[in-house]
Amino acid sequence: MRNEVKMISLPRIFDRRGNLSFVEQENHIPFQINRTFWIYDVPGGEERGGHAFKETEEFIVALSGSFDVVVDDGKGNVLTFQLNRSYYGLYVPKMLWRQMTNFSTNSVAMVLASTPYDANDYVRDYEVFKAMKQ
Ligand code: TYD
């Protein structure tokens, strides 16, 4: 299942003081978390992503607001996932092209990643990506 993109529901602890969700590595998500980053203050109409990773797996959560994640396997299969709740997220395995679009005002995308940042792990050329998937 580690090569399949999928939505993963997280635990929800309902409380009149406010609800709580959490995520544990190798429990709710199938990898060890080595990095967390977040994307915020995205101007209207902007897009993020537009690359694949050779090794990095990611879990993306809309902590606030909403956005779409478009995932492409380079073989003609393109899926769009809308993220708009903080109690689920999208697991993106390595070697899938991803683009983040349609950010709502004040949206916050939290990304848990399986690797520390490494510029060499990026595949930024779509044609190169497609060739690697042959
Ligand atoms: P990048 O992943 O290219 O953003 P996008 O989502 O638009 O593809 O990252 C943008 C810049 O931020 C790039 O110069 C690398 C830097 N960066 C880090 O230094 N550490 C990180 O963990 C990430 C995700 C990016």
(request) Please give the length that would be gained between residue 126 and residue 25 if that part of the chain were fully extended, namely 0.36 nm times their separation in residues minus their C-alpha to C-alpha distance (nm, one decimal). (result) 33.4 nm
(request) With a 1.4 Å probe and all protein chains in place, put 125, 41 in order of accessible area, largest first. (result) 41, 125
(request) May I ask you to give the percent of accessible area on the chain that is carbon plus sulfur, with a probe radius of 1.4 Å? (result) 46
(request) Obtain the nm distance between the two label points defined at residue 104 and residue 48 by a simple spin-label model: each point lies 7 Å from its Cα along the Cα-to-C-beta direction. (result) 1.6
(message) Please compute the per residue accessible area over the chain with all protein chains in place, 1.4 Å probe, rounded to a whole number of Å².
(response) 58
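The values are calculated or read from the model by the stated rules, or taken from the named source; none is laboratory data. Keep in mind the model is a prediction, meaning the values are calculated, not measured. Positions of Cβ are generated from backbone atoms using ideal geometry, with glycine treated the same way; all protein chains shown enter the neighbour counts. For accessibility, only protein heavy atoms count, side chains too; no ligands or nucleic acids. Shrake-Rupley method; radii C 1.70, N 1.55, O 1.52, S 1.80 Å.
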